[in-house]
1. Roughly to the nearest percent, how much of the accessible area of segment 34-79 is carbon and sulfur, given a 1.4 Å probe?
2. I need the phi-derived Karplus couplings for segment 36-45: 6.51 cos²θ - 1.76 cosθ + 1.60, θ = phi - 60°, integer Hz, Gly and Pro marked x.
3. Tabulate in residue order the Karplus-calculated ³J(HN,Hα) for segment 77-89, using 6.51 cos²θ - 1.76 cosθ + 1.60 with θ = phi - 60°, rounded to whole Hz; enter x for Gly and Pro.
4. Given contacts defined as C-alpha pairs under 8 Å and at least six residues apart, what's the relative contact order of the chain, whole-number percent?
5. Determine which lysines satisfy two conditions relative to Lys7: a Cα distance under 23 Å, and not lying fewer than 8 residues away in the same chain.
6. In Å, what is the Rg of the alpha-carbon atoms in the chain, and how long is Dmax?
7. Hey, what do the phi angles of segment 90-95 turn into as Karplus ³J(HN,Hα) couplings, whole Hz, using 6.51/-1.76/1.60 and θ = phi - 60°, x for Gly and Pro?
8. Can you give the net charge of the other residues whose Cβ lies under 14 Å from the Cβ of Lys5, counting K and R as +1 and D and E as -1?
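The values are calculated or read from the model by the stated rules, or taken from the named source; none is laboratory data. Nothing here was measured: the structure is a model prediction, and the numbers come from that model. Here Cβ is always computed from backbone atoms with ideal geometry, including for glycine, and neighbour counts include all displayed protein chains. Just so you know, the surface numbers come from the protein's heavy atoms only, side chains and all, with ligands and any DNA or RNA stripped out. Shrake-Rupley method; radii C 1.70, N 1.55, O 1.52, S 1.80 Å.
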Amino acid sequence: MTLSKEKMREIEEEENYRNEVKRKISNSKPKKKDKLVAALLAIILGSLGIHKFYMGKTVSGVIYLLFCWTFIPAIIGLIEGIDYLVISDEEFQSRCK
């Protein structure tokens, strides 16, 4: 069974398109997280772990949600928010996923 020239050209164009998309994805840099936004989220909504979700730490965010009724995540969130404001941008970015 042979494919027509038109069908072969379509397959080749599709393959070129997929390779270009893969190249763009591999070359893209991850977005930097804003330190001030994370600090405000930690201070205001720290008991719910919203700042952890923002920073890409989903498991930690879920743990904060599970224990929000104890107010312990609120205290930790306040401390983390202040910590985010004090540390350097490079250190903050290294903590983000």
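1. Whole-percent figure for carbon plus sulfur exposure: 84.
2. 5, 4, 5, 5, 5, 5, 5, 6, 7, 10
3. Values, residue by residue: x, 4, 5, 5, x, 5, 4, 4, 6, 8, 6, 6, 5 Hz.
4. Values: 91 pairs, mean separation 28.0, N = 97.
The value is 29 percent.
5. Result set, ordered by chain and number: Lys22.
6. 22.2, 69
7. So the J values, rounded to whole Hz, are 5, 5, 4, 5, 5, 7.
8. Working: positive: Lys7, Arg9; negative: Glu6, Glu10, Glu12, Glu13.
So the environment of Lys5 carries a net charge of -2.
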